[in-house]
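Structure first, commentary second.
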Amino acid sequence: MRTNIVHIGAGELNYEIRNIVQVCERLQKMGVEINWENIGDPVTKGETVPAWMKNLVSEAVQEDAAYAYSPTKGMLATRQYIAEGTNSKGGVQIDADDVIFFNGLGDAISKVFGFLKRTARVVVPTPSYTTHSSAEAAHAGAEPVTYILDPNHNWYPDLEDIENHIKYNPAVAGILIINPDNPTGAVYPAEVIRSIVEICEKNDLFIICDEIYQNMTYNGTVAAPLCTVIGEKVPALCMRGISKEMPWPGARCGWIEVYNSHKDPMFDMYVQSILNAKMLEVCSTTLPQIVLPRIKEHPLYHSYLQERIERYEKHSNIAYDILKNVKGLLVNKTNGAFYMSAVFEEGILNSQQFLPIDNKDARELVETLVSGPGVEPDKRFVYYLLASTGICVVPLSSFATELHGFRITLLEPCEEKFRKIFETISECIQRYLESA
Ligand SMILES: Cc1ncc(COP(=O)(O)O)c(C=O)c1O
């Protein structure tokens, strides 16, 4: 190329949750049966989509409007429905104009960070859901600026760390909160969110709050919606979607709710630039926007969601009870979403440890994959676990963190199989740590 065509942030784009799939596919061809515990898609994991939901989608498919472009911000009736839902919580009041639809939150995230001035930074959590941290890092062409989620304190944000970033880095313009969190499964108490809002108010910052798992909490916890805590001063973008809750990830449908945008003209212009970018694309997927209120208002929706949440709660407790006593491993009980992050004690992993792999081809593949320089020790564990048992989890180090561990989902619908998976992991960790 006569000129460099690679984006300054290209090196920051990494999505191990999907990268590992390529390794799994090679192992499958070698005869290894895979248990997919890597990706947060309830449908792929075998949860059945209820017939009444499919019927609502089938009915909408008969309507010509479902085949048309929708307005750039999204279908008006659906935006009104969403605004009413937010207003009914009794906090900040919005109207349909404050709601903008995207092709899934993945699309929203790439625009929200992509249209931020390159030198302005948003502090993201560590560990971090990679779509956020990579998009933020790519926009800046630099490593993400991260604040600590503390595994020794239920994975809650370290507020002092947030304040220090703001104090010593004048480029910080905003803070990202994911509540309930991916990859940790933590649910933050309202006081934590309130403190972050106060920090933002004091320092003239904005908030991005990802609430895609908002309605999926258990073990007696509730995720306080940002709209109830934000007050009237701090500008914020709240992200929600249907991928997890409905669940309908293949619909590619999510939205942002804009809070207090008129309180800051620069924030207002920034939101307008995101909307203009969406306008160039015309609009987002129409069909799920038409169906969204119909599904959420269906008499069976609440009990269907409740049933799933009860299963996640049960699985969260089974997983915690099995892993909590594993020597060298730190786990917290998952209270929301459907992920658990386990952390290895510092320094406990090395580059000699292994698990026996009966399949010769699989063993050779893994030995090659982990032999190169710079392979994180938790990635080595994850690959050995994968080839030895077929269980596919994601190395924690791929979630923008220096911690070593793994993220696993709680999605396996069969309780017996779920229990077996966690017992196998527990045995494998002990074996792995004793191997060298
Ligand atoms: C915290 C969080 N935000 C956003 C997304 C992406 O959602 P969507 O399917 O709407 O792109 C995910 C997907 O796993 C997620 O965990």
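No value in this document is a laboratory result; all are computed from the given coordinates. Here the structure is a predicted model, which means the values were calculated and not measured. Heads up, the Cβs are rebuilt from the backbone with ideal geometry, glycines too, and the neighbour counts pull from every protein chain shown.
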Between segment 343-365 and segment 85-107, what is the C-alpha centre distance in whole Å?
46 Å
Entries in LYS244/LYS278; LYS29/LYS333; LYS73/LYS296; LYS29/LYS324; LYS202/LYS333 that, when Cα-Cα distance is taken, lie over 28 Å:
LYS29/LYS333; LYS29/LYS324; LYS202/LYS333
Based only on other Cβ atoms within 10 Å, what is the fewest-to-most ordering of THR424, THR401, THR409?
THR424, THR401, THR409
Residue separation times 0.36 nm, minus the C-alpha to C-alpha distance between ALA51 and GLU198: what's the value?
48.4 nm
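Between VAL43 and GLU434, what length comes free when the chain is fully extended (0.36 nm per residue of separation minus the Cα-Cα distance, one decimal in nm)? Show your work: numbers first, answer last.
Values: separation 391, 0.36 × 391 = 140.76 nm, distance 3.69 nm.
The VAL43-GLU434 span can extend by a further 137.1 nm.
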If you take the beta carbon distance between ASP358 and LYS420 as r and set R0 to 22 Å, what does 1/(1 + (r/R0)^6) give as a FRET efficiency, to the nearest 0.05?
0.75
HN-Hα couplings for segment 175-187 via Karplus (6.51, -1.76, 1.60; θ = phi - 60°), in whole Hz with x for Gly/Pro, come out as 10, 9, 10, 10, 9, x, 9, 10, x, 8, x, 7, 10
For segment 68-296, share of DSSP beta bridges that run antiparallel, in % to the nearest 5
45 percent
Between the helical axis of 377-389 and the dominant principal axis of the chain, each derived from Cα atoms, what acute angle in degrees is found, rounded to the nearest 10?
70 degrees
In degrees, nearest 10, the alpha-carbon axis of helix 415-434 is tilted away from the dominant principal axis of the alpha carbons of the chain by 60 degrees
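Let me know the shape class of segment 109-187, please: from the alpha-carbon gyration tensor, a ≥ b ≥ c as square roots of the eigenvalues, rounded when a/c is under 1.5, otherwise prolate if a/b is greater than b/c, or oblate.
It comes out oblate by the Cα gyration axes.
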Rounded, prolate or oblate: which fits segment 10-95 when a ≥ b ≥ c are the square roots of the eigenvalues of the alpha-carbon gyration tensor, with rounded for a/c under 1.5 and prolate only if a/b beats b/c?
prolate
With unit charges on the beta carbon (Lys/Arg positive, Asp/Glu negative), name the residue among LEU56, ILE20, ILE82 whose Cα is farthest towards the positive pole of the charge dipole of segment 1-95.
ILE20
HN-Hα J couplings of segment 228-240 from phi, Karplus 6.51/-1.76/1.60, θ = phi - 60°, integer Hz, Gly and Pro as x?
8, 10, 5, x, 10, 10, 7, x, 8, 10, 10, 10, 9
Excluding exposed DSSP-loop GluC sites (Glu not before Pro) (at most 14 other C-beta within 10 Å), longest clean stretch of the chain
64-231
Using only Cα atoms, find the angle between the long axis of helix 265-280 and the longest principal axis of the chain, and express it within 0 to 90 degrees, rounded to the nearest 10.
80 degrees
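Near ALA362, within a Cβ-to-Cβ distance under 14 Å, what is the net charge of the other residues, with Lys and Arg +1 and Asp and Glu -1?
-2
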What number in nm² do you get for segment 68-296 if you take the convex hull of its Cα atoms and divide its surface by four?
11.7 nm²
In whole Å, what are the Cα extents of the chain along the three principal axes, biggest one first?
60, 54, 54
